[in-house]
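Worksheet: one structure, shown below.
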Ligand code: TYD
């Protein structure tokens, strides 16, 4: 269903107005290019903490800052790197398999993740040298 090998931003639709507020939808086959098997969210992360520090072997993800702001740095095995700022709840970031990620949070940020696979510890590469040079 999804063949993208490069991360990209998704402009998720924003429905509503300033009077009543907004709703944003992630929908499989429309703006989510994989079947969602898992959803998780990360919160109460202090600003000086760097999360991530791993890559995935097969997992594809979409990350949204539903509140606050995220800085996400991505690197693949071919010396390509990308940096994204997620600063709006209607902005998604598609991250394909095979990217080392480091993520920092602004105050009160909530990171929402839509994931293509259930949680599998074996899908993680947590050693940077192993990621870059062994696989
Ligand atoms: P991890 O993916 O390393 O978080 P981050 O990249 O944001 O720092 O996960 C942190 C901990 O939570 C780790 O012990 C594994 C556990 N965890 C689960 O049990 N299930 C999950 O779906 C996720 C994402 C993490």
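Where a number appears in this text, it was derived from the coordinates with a stated rule and is not lab data. Source: prediction; values computed, not measured. Here the Cβ positions follow ideal geometry from the backbone for every residue, glycine too, while neighbour counts run over all protein chains shown.
Given the Cα-Cα distance of residue 81 and residue 14 and 0.36 nm per residue of separation, how much length would full extension add, in nm?
21.2 nm
Under 16 Å from a point 7 Å along the Cα-to-Cβ line of residue 28: which residues of region 44-64 have their amide N that close?
The answer is 60-62.
Just to be sure I understand the model, the point goes 7 Å from the Cα along the line to the Cβ. What's the resulting residue 41 to residue 130 distance in nm?
3.2 nm
Pop a pseudo-label 7 angstrom from the Cα along the beta-carbon direction at both residue 50 and residue 6 and give the gap in nm to one decimal.
Label at residue 50, label at residue 6, 2.6 nm between them.
Going by Cα centres, region 70-135 and region 24-58 are how many Å apart?
Each part reduced to its Cα centre gives a spacing of 8 Å.
What is region 8-52's relative contact order, in percent, from Cα pairs under 8 angstrom and six or more apart in sequence?
Once divided by the residue count of region 8-52, the mean separation gives 23 percent.
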